[in-house]
């Protein structure tokens, strides 16, 4: 598909202020509006102007467009970068006659409307737009709470009305009891408002870092717990380290690998705390000495146990 130069469509420079973009749009709208224009291509030009203004009048979209469009000129072959997702809600694919180019940059997120994505605010709304980001935390943070640093890049407007990208660092408080997929709202940390209007909010979607020890399902936590053959056969008390701390657990006699021990309320805390499930895994020690091998031979002769014996119906 061809790259669209939205600045060229509005007849403004790339350094144009937001006010200059608005004035250019109004001038072109008066010229090409189909209800009043006598130009032959008025309808097509009006769609082009509307599309350009929809991007350049939104400082967040404009900043992303400037970033992805560096080095391109109007008419050049263009493909959105792999995995590109600007994170905007649009009016829906084709709803306002947007071009394929527009949809490739901003239309992907529109399919997720109503599932956590922000809705586009009317152009006349001066309140700052909300932003969305992900934050990855350890499971321990969900149990005990924590403070984590987050680095964000977001578009800002200088005193002349020009857009630039700014990096900022936030100290984010992770509340104890947070679940994966939950959103943490940081009031006033979104995009700045126009003039004296307040900024939007920042919503952080929580994700847990991968763990080889734990699996999380809602507020329930699953952990594989190794036990010795004699602990499984005879039962007894064992010490287990969990995200909530070290605890003592009773292993029932005759336990087999795969048995689940449910510890009610020991999962991720909350008004209704989750449960902790310990999945037993019997670990057989290696026989390294003659004495140890003799013990295994004694077990084999005394117990006469064959786990592969056919099951008689």
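The values are calculated or read from the model by the stated rules, or taken from the named source; none is laboratory data. Everything quoted here is computed from the prediction, not taken from an experiment. Positions of Cβ are backbone-derived with ideal geometry, glycine not excepted, and every protein chain shown enters the neighbour counts.
Observations on the structure shown:
- In this entry, residue 276 passes the filter for residues that are touching a residue at least 40 places away in the same chain (Cβ under 8 Å) and outside the structural domain of residue 151 (by TED's automatic domain parsing).
- Filter result (closer than 21 Å to residue 230 by Cβ, assigned to a loop (DSSP other than H, G, I, E, B) and either touching a residue at least 40 places away in the same chain (Cβ under 8 Å) or touching a helix residue (DSSP H, G or I) at 6+ places or on another chain (Cβ under 7 Å) (or both)) within the stretch 243-255: 253, 254, 255
- Subset of the stretch 276-308 (residues that are within 24 Å of residue 235 (Cβ to Cβ), part of a loop (DSSP other than H, G, I, E, B) and at pLDDT 90 or above): 283, 284, 285, 286, 287
- Exactly one residue out of 48, 64, 39 is at pLDDT below 85 and over 27 Å from residue 166 (Cβ atoms), and it is 39.
Yes/no matrix, rows are residues, columns are (1) over 30 Å from residue 175 (Cβ atoms); (2) assigned to a loop (DSSP other than H, G, I, E, B):
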site	(1), (2)
216	no, no
231	yes, no
240	no, no
257	yes, yes
262	no, no
265	no, yes
268	no, yes
273	no, yes
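- Flag if residue 311 is at pLDDT below 95, part of a helix (DSSP H, G or I), out of contact with any strand residue (DSSP E or B) (no Cβ under 6 Å at 6 or more places or on another chain) and over 30 Å from residue 182 (Cβ atoms): no
- Residue list for the stretch 233-251, filter: surrounded by 11 or more Cβ atoms within 10 Å (Cβ to Cβ), over 20 Å from residue 273 (Cβ atoms) and within 41 Å of the chain's Cα centre (by Cα): 238, 251
- Residues of the stretch 17-37 satisfying the condition of being touching a residue at least 24 places away in the same chain (Cβ under 8 Å) and either outside the structural domain of residue 56 (by TED's automatic domain parsing) or surrounded by 13 or more Cβ atoms within 10 Å (Cβ to Cβ) (or both): 17, 18, 20, 21, 22, 25
- Scope the stretch 187-213; condition crowded, with 16+ Cβ neighbours inside 10 Å and under 19 Å from residue 145 (Cα atoms); matching residues: 203, 204, 206, 208
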